[in-house]
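Structure record follows, encoded as structure tokens.
The values are calculated or read from the model by the stated rules, or taken from the named source; none is laboratory data. Because the structure is predicted, anything quoted here is derived from the model rather than measured. FYI the Cβ positions are ideal-geometry reconstructions off the backbone, even for glycines, and counts take in every protein chain you see. Ligands, DNA and RNA are stripped out before the accessible areas are found, and what is left, the full protein with its side chains, is counted by its heavy atoms. Shrake-Rupley method; radii C 1.70, N 1.55, O 1.52, S 1.80 Å.
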Amino acid sequence: MAAARRGISSLLSRSILASSSSSTVNGFGSLLQSHGRVSRFLGRGYGFSTSALAEEELITPPVQINYTQNLINGQFVDSASGKTFPTYDPRTGEVIAHVAEGDAEDVNRAVSAARKAFDEGPWPRMSAYERSRILLRFADLIEKHTPELSALETWNNGKPYEQSLKSELPLLVRLFHYYAGWADKIHGLTVPADGNHHVQVLHEPIGVAGQIIPWNFPLIMFAWKVGPALACGNTVVLKTAEQTPLTALYVAKLLHEAGLPPGVLNIVSGYGPTAGAALASHMDVDKLAFTGSTSTGKVVLELAAKSNLKPVTLELGGKSPFIVCEDADVDKAVELAHFALFFNQGQCCCAGSRTFVHERVHEEFVEKSKARAQRRVVGDPFKKGVEQGPQIDSDQFEKVLRYIKSGIESNATLECGGGRLGSKGYFIEPTVFSNVKDDMLIAKDEIFGPVQSILKFKDIDEVIHRANSTRYGLASGIFTSNIDTANTLIRGLRTGTVWVNCFDIFDAAIPFGGYKMSGIGREKGIYSLQNYLQVKAVVTPLKNPAWL
């Protein structure tokens, strides 16, 4: 764990790179014959590694599923209706567990427990130092249970086990260490006033926080939401994504083992239109945080406004530009751009999904990007060396294939990929398009899959304008050796994060959030604490003060 911990300033430890002589055929058959410009290398076949899919049986995950009920007031309980819903293994599409299906009544019970814990319980009243110690004990328990949590995360989500084990679980531990450190360092101010008054500013916990997390990074999003809320002394009702409910329930059990009082953290699993909507519109929830799509974020914001006008933070979609400048080392730029897009099966809100490449290096970049995608190892995410597992579910799988079809029909050049891999599960070939234009859907919409779109540009002013011509503004990447070029782009790009010669660095202290329709507010770092604190000004008169 020590070695892993040293590398966690980046969430994104690279998977082992490997090549394979095996090939696959494209899944779009006649569509490729009649639409679009297909790479001249198509006839030779592709080099995607499919051995894990075609030759070997899937590995049985080394973990048991013990927690499938809702967590309310410190107890695992069935849903009020008695209903359950299935959660799936995306490697096969088969059911791995049935989970309690929460709805409005379960949300009511969870909010009542959180309200009582906040108004009457010990959590906001204990010393900040004791809250810090509980969070530190929790981090230690996560570290102890890292192998099981990694296996469960991969089983329910499909991401490579090596990614879960070596990157995401160490970062989860680091995040709770970070927020434990903040717990006893949150304080107010004393400010001068014009006249004989003493003025202090208090920073108080906001109350009951409702939180809704997505399926692409279940444990990391748990930490981004729950960590700052608890450090500030709040209580929480968390709704998991219906695709990935299992690991949040597991770590919640560990948090109670660490000494968290009952009712402080409550978890309801269920669907967005029922459980999610009930939480967003609940009159006794004091603050709401949501991570997910921009379209759903609008609904969440509207429900919060129409109920009790609760404050909302939103971390939403993106269509991040990755800009390769004319002075780039092409080999290094290709590898980083590949990583920026294909990491986590392309299911990342900040994925570098618009790869802008200067015309002087464009042709070389396209050829090498295609070759790199063909070497990408796709298969059972529990196998060592696999870089890409399946998409999360059938809906996302079909959505990605529809966007690939759209790219072909729009006359982008399909350099490689374009179809499914294997006959089971939700595996998609790493796909690269060139000759992509700004008005194509694959250049405008958030695909959330392993589809790289390469666009050509001529100069810096042009690429700044084109990069900013989107409704999103979450993140961006720059690859250049020229500091003046970098500084021009840094200040010109309207995004919440700019990575220069790196990508997807997610240190616990670095704020994350977007401009425009990519969200409201920031996660992580000191800025995340502001989301969970009220500011109270206290003014008292001074009689005959010695000084002001």
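What the table below lists for this structure:
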quantity	calculated
Unique residue being in contact with a strand residue (DSSP E or B) (Cβ under 8 Å, 6 or more places away or on another chain) and open to solvent by less than 30 Å² (accessible area, probe 1.4 Å) when the list is 362, 282	362
Any pair with Cβ under 7 angstrom, 6 or more apart, that starts in segment 172-186 at a residue that is of a type outside the set (Lys, Arg) and ends at one that is open to solvent by 50 Å² or more (accessible area, probe 1.4 Å) and assigned to a helix (DSSP H, G or I)	177/136; 180/136; 184/129
Residue match in segment 157-164 (condition: outside any strand (DSSP E or B), within 21 Å of residue 132 (Cβ to Cβ) and at pLDDT 95 or above)	no
Those residues of segment 452-469 which are in contact with a helix residue (DSSP H, G or I) (Cβ under 7 Å, 6 or more places away or on another chain) and either open to solvent by 20 Å² or more (accessible area, probe 1.4 Å) or not assigned by the TED database to the domain that holds residue 500 (or both), in sequence order	456, 460, 464
Residue 449 vs. criteria touching a helix residue (DSSP H, G or I) at 6+ places or on another chain (Cβ under 6 Å), open to solvent by less than 10 Å² (accessible area, probe 1.4 Å) and touching a residue at least 24 places away in the same chain (Cβ under 8 Å)	yes
Search result, residues across segment 189-210 that are within 38 Å of the chain's Cα centre (by Cα) and touching a residue at least 24 places away in the same chain (Cβ under 8 Å)	200, 201, 202, 203, 204, 205, 206, 207, 208, 209, 210
Elements of type helices (runs of 4 or more DSSP H) in segment 270-357, at least 2 residues being more than 30 Å from residue 80 (Cα to Cα)	330-342
Matching option when the condition is of a type outside the set (Val, Ile, Thr) and either free of Cβ contacts under 8 Å to residues at least 40 places away in the same chain or open to solvent by 20 Å² or more (accessible area, probe 1.4 Å) (or both), among 474, 421, 414, 401	401
Residue in segment 328-335 that is open to solvent by less than 10 Å² (accessible area, probe 1.4 Å) and closer than 28 Å to residue 149 by Cα present	no
Out of 544, 501, 487, sole residue that is of a type in the set (S, T, N, Q) and modelled with pLDDT under 95	544
Residues of segment 348-359 classified as closer than 29 Å to residue 168 by Cα and surrounded by fewer than 22 Cβ atoms within 10 Å (Cβ to Cβ), total	0
Matching option when the condition is touching a Ser or Thr at 6+ places or on another chain (Cβ under 8 Å), aromatic (Phe, Trp, Tyr) and part of a loop (DSSP other than H, G, I, E, B), among 448, 382, 433	382
Residues located in segment 164-177, provided they are open to solvent by less than 10 Å² (accessible area, probe 1.4 Å) and not small (Gly, Ala, Ser)	168, 169, 170, 171, 172, 173, 175, 176
Enumeration of residues in segment 306-328 that are over 23 Å from residue 466 (Cβ atoms) and in contact with a strand residue (DSSP E or B) (Cβ under 8 Å, 6 or more places away or on another chain)	310, 311, 312, 313, 314, 315
Candidates 76, 138, filtered to the one that is part of a helix (DSSP H, G or I) and within 22 Å of residue 212 (Cβ to Cβ)	138
Residue match in segment 485-501 (condition: crowded, with 22+ Cβ neighbours inside 10 Å and of a type in the set (Phe, Trp, Tyr))	no
Neighbours by Cβ (under 7 Å, 6+ apart or cross-chain): first from segment 342-367, closer than 21 Å to residue 513 by Cα and at pLDDT below 95; second open to solvent by 20 Å² or more (accessible area, probe 1.4 Å) and assigned to a helix (DSSP H, G or I)	none
Matching residues, segment 522-546, being crowded, with 17+ Cβ neighbours inside 10 Å and either charged (D, E, K, R) or under 15 Å from the mean Cα position of the chain (by Cα) (or both)	522, 523, 524
Matching residues in segment 118-155 - criterion: being open to solvent by less than 10 Å² (accessible area, probe 1.4 Å) and either under 24 Å from residue 382 (Cα atoms) or not small (Gly, Ala, Ser) (or both)	123, 134, 135, 138, 142, 146, 149, 150, 151, 152, 153, 154
The listed residue being of a type in the set (Lys, Arg), touching a residue at least 40 places away in the same chain (Cβ under 8 Å) and in the same structural domain as residue 75 (by the TED database), out of 253, 298	253
Evaluation of residue 247 against (1) in a loop (DSSP other than H, G, I, E, B); (2) surrounded by 22 or more Cβ atoms within 10 Å (Cβ to Cβ) (one fails), failing number	(1)
Unmet criterion (only one of (1) more than 23 Å from the chain's Cα centre (by Cα); (2) open to solvent by 10 Å² or more (accessible area, probe 1.4 Å); (3) touching a residue at least 40 places away in the same chain (Cβ under 8 Å)) for residue 214	(1)
